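Take a look at the structure set out below.
The values are calculated or read from the model by the stated rules, or taken from the named source; none is laboratory data. Computed from a predicted model, the values in this text were never measured in an experiment. Positions of Cβ are generated from backbone atoms using ideal geometry, with glycine treated the same way; all protein chains shown enter the neighbour counts. Note: areas computed on protein heavy atoms with side chains; ligands, DNA, RNA excluded. Shrake-Rupley method; radii C 1.70, N 1.55, O 1.52, S 1.80 Å.
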Amino acid sequence: MILLTGGNGQLGTELQHLLNEQGQEFVATDVKELDITNAEATMEYIQKLQPTIIYHCAAYTAVDKAEEEGKELDERINVDGTRNVALAAKAVDALLVYVSTDYVFDGKLKDGEYAVDAPTNPLNEYGRTKLLGEQAVEEILDKYYIIRTSWVFGQYGHNFVFTMQRLAETHPKLTVVNDQFGRPTWTRTLAEFMTFAVEKQAPYGVYHLSNDNSCSWYEFAKEILKDTAVDVQPVTSAEYPQKAVRPQYAVMDLSKTKALGFEIPTWEEALAQMLAQGK
């Protein structure tokens, strides 16, 4: 039996579709069915279900909100909630797949890409709590995959692709930051790797998964809107201040993931496929 937390989220919904395609038996929960911040309820639910695999997609992801009014909830979900799920996973001897973020890094790497064992130093509250979640998983469990991802987009939920498309409907000109670099990630590619790692019994530990190639947010936006007449112009992060500081360079090394034999499409290919599905 498979348990999927955060089943109604952007990634959780994608994963549900994939598991259905694969003919897998699973139970998907959201906060109504399973409040992971409640330790006792989480332990009771998981012990009753007895899953062998837990895909832990439930997370607080409002990055800017987490800096101020969402700080307490951010910690309760991403740290306490993850710890509760990990403790319950240990109690039933389940494999845990935990989704983390490139925001565990500070983006100050001078050259190359962030390896899975590179020093972490989150700049924002969201990155801090996701790193604490990672540490809880590593401390409690032996059977786990921590999968760091970045710039997630997909068919379900809110994301940068839909934001750009929506703005393009009413704005002839858009400005997007051109000094933050990373790797966009299609939820489908991420979901496929999560199930791939489990199926192939990959060595336990930390992995990086995003789509191949890197870009700035400006370059990402240009590609999203290339078939429109919208004028996309580059700006600096200083010209577009946000509550949460983002790492300027958060390109993660994918070699450990590729070494497993998992084929990763480029972000351009992934975006084209996702947009084609939506038509």
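Conditions (1) touching a residue at least 24 places away in the same chain (Cβ under 8 Å); (2) hydrophobic (A, V, I, L, M, F, W, C); (3) surrounded by fewer than 16 Cβ atoms within 10 Å (Cβ to Cβ), marked per residue:
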position: Tyr126; (1), (2), (3): yes, no, no
position: Gly133; (1), (2), (3): yes, no, no
position: Ile146; (1), (2), (3): yes, yes, no
position: Arg183; (1), (2), (3): yes, no, no
position: Gln201; (1), (2), (3): no, no, yes
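Here Val116, Val31 are screened, and the one residue that is in contact (Cβ under 8 Å) with a residue 40 or more places away in the chain and of a type in the set (Val, Ile, Thr) is Val116.
Of all residues in segment 45-95, those satisfying the criterion of being under 12 Å from Glu125 (Cβ atoms) and surrounded by fewer than 17 Cβ atoms within 10 Å (Cβ to Cβ) are Ala62, Asp64, Glu68, Glu69, Lys71, Glu72, Leu73. Restricted to segment 256-267, and to residues there that are out of contact with any helix residue (DSSP H, G or I) (no Cβ under 6 Å at 6 or more places or on another chain) and either open to solvent by less than 50 Å² (accessible area, probe 1.4 Å) or touching a residue at least 12 places away in the same chain (Cβ under 8 Å) (or both), the residue that is nearest to Ala115 (Cα to Cα) is Lys256. Scan segment 218-228 and give yes if some residue there is among the β-branched types (Val, Ile, Thr) and modelled with pLDDT under 95, otherwise no. For segment 218-228, residues among the β-branched types (Val, Ile, Thr) and modelled with pLDDT under 95: present.
If you filter segment 212-243 down to residues that are small (Gly, Ala, Ser) and exposed (fewer than 13 other Cβ atoms within 10 Å of the Cβ), you find that the one that is nearest to Glu269 (Cα to Cα) is Ala229. Among the candidates Gly107, Gly112, the residue that is of a type outside the set (Asp, Glu), farther than 25 Å from Gly12 by Cβ, open to solvent by less than 20 Å² (accessible area, probe 1.4 Å) and assigned to a loop (DSSP other than H, G, I, E, B) is uniquely Gly107. Here Trp151 meets the list (1) under 13 Å from the mean Cα position of the chain (by Cα); (2) open to solvent by 10 Å² or more (accessible area, probe 1.4 Å); (3) more than 23 Å from Val245 (Cα to Cα) almost entirely, failing just condition (3).
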